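The values are calculated or read from the model by the stated rules, or taken from the named source; none is laboratory data. Please read these numbers as outputs of a predicted model, since none were measured by experiment. With ideal geometry, Cβ positions are generated from the backbone for all residues, glycine too; neighbour counts draw on all protein chains shown. Heavy atoms of the whole protein, side chains included, go into the accessibility calculation; ligands, DNA and RNA do not. Shrake-Rupley method; radii C 1.70, N 1.55, O 1.52, S 1.80 Å.
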Amino acid sequence: MDRYIKDQDENYSGTKIVAMKKLIAFSTFIIITLVTRAQDVKMADVMKEDGKIYVVIAVMLTILAGLVLYLVRLDRKISKLEKNK
Amino acid sequence: MRKSWWKILGVLLLVYTFIAGLLIEVPRNPQLQETIRNLFFHVCMWFGMMILFIVSFVRAIMYLRTNKPIHDIASRQYAGVGILFGLLGYLTGAIWMSYTWIDSNKSIFNSFDTIAREPKLIGAAIALLVYAAYLVLRDSIQDIDKRARISAVYNIFAFAMLFPSIWIIPRLLDSLHPGGSEGNPALDPGSASANMRLVFYPAIAGWTLIGVWIATLKIRMKIIQEQKLSQ
């Protein structure tokens, strides 16, 4: 059994090594880009911290702003109608 | 825009509610976890509804005393916005309940049979249906004066049903819903944290002011409509 597995390992070892090298190269590339992004480039980090709760606040405030704008416009229109009568 | 300072105040209070409501420290309750923040949204819908129904009730009495049609229009529109707030309270409660009351030993669907027996839910449903009947009754009468008078009288009856069905009867029975026989956790200074009350009271004021704003817009629209019809 052991020998059989060993043989198989030897058969596939060439392709395996190539695949491993590719994987390592790819993952180092990703890690480097991530690290440089996190360290060098200053982003709007507040929105990404604390479990991204600020994103929820932004969404809720946007909806609130939309509804309030709608009410304000309606109010203005009604005021105009009241003046025209 | 007319007399806009309280509208701006309402919007500012809501902006404060949305930001502080999600960011302040809240008590760590193992069952509620972060959903305890729904106090600033779900509970405020019901408080807003009650205040709007009180205004509607007062305007109904004012109509019966003075016979001025403006009070009738106002009474109808405040009741309409109150029902909207009540429905929103029910919907948000349904979402909240689905994540905190569900029996983890049963499937979600199967644990609804115990939830459906909650006195607070039944009481709120009765109150909303009584007010829905107010709209049906009102719109079924053609004569304007008769409609105004009968719906004002019915409004007083509906208001008399409101507090027993959402406060008194649920308070007498055991329930999963807070505010049952153990008292009122939202208003009791002992159980809600001071932090939460800092947001809760402004939130009630903010949501109520928005409700009043919507109601005044609808009242003004109705007045313009009536004037167009009478020309």
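Can you give me the % of accessible surface on region B:63-125 that is carbon or sulfur? Probe 1.4 Å, all protein chains present, nothing else counted.
On the way: 2190 of 3410 Å².
The computed percentage sits at 64.
Per residue of B:19-32, how many C-beta atoms from partner chains lie within 10 Å of its own C-beta, taken as a mean?
Working: counts 4, 1, 2, 5, 4, 0, 0, 0, 0, 0, 0, 0, 0, 0.
For peptide B:19-32, the averaged partner shielding equals 1.
Between residue A:27 and residue B:132, what is the FRET efficiency for a Förster distance of 51 Å, r being their Cβ-Cβ separation, to the nearest 0.05?
On the way: r = 62 Å, r/R0 = 1.21.
Taking R0 as 51 Å, the efficiency between residue A:27 and residue B:132 is 0.25.
For the pair residue B:198 and residue B:174, what calculated FRET efficiency results from E = 1/(1 + (r/R0)^6), where r is the Cβ-Cβ distance and R0 = 30 Å, to the nearest 0.05?
Numbers: r = 31 Å, r/R0 = 1.02.
Between residue B:174 and residue B:198 the formula returns 0.45.
Can you compute the label reach from residue B:9? Point 7 Å from Cα along the Cβ direction, backbone N cut-off under 19 Å, restricted to region B:198-231.
Within reach of a label on residue B:9, which here means backbone N under 19 Å from a point 7 Å along Cα→Cβ, region B:198-231 contributes B:198-217.
Using a cut-off of under 20 Å, list every residue of region B:196-231 whose amide N is near the label point 7 Å from the Cα of residue A:84 along the Cα-to-beta-carbon line.
Residues B:217-231 fall inside that zone.
Estimate for me the total accessible surface buried between chains A and B (protein heavy atoms, probe 1.4 Å, no ligands or nucleic acids), in Å² to the nearest 100. Working shown, then result.
Values: alone 8590 and 13140 Å², together 19920 Å².
Buried: approximately 1800 Å² between B and A.
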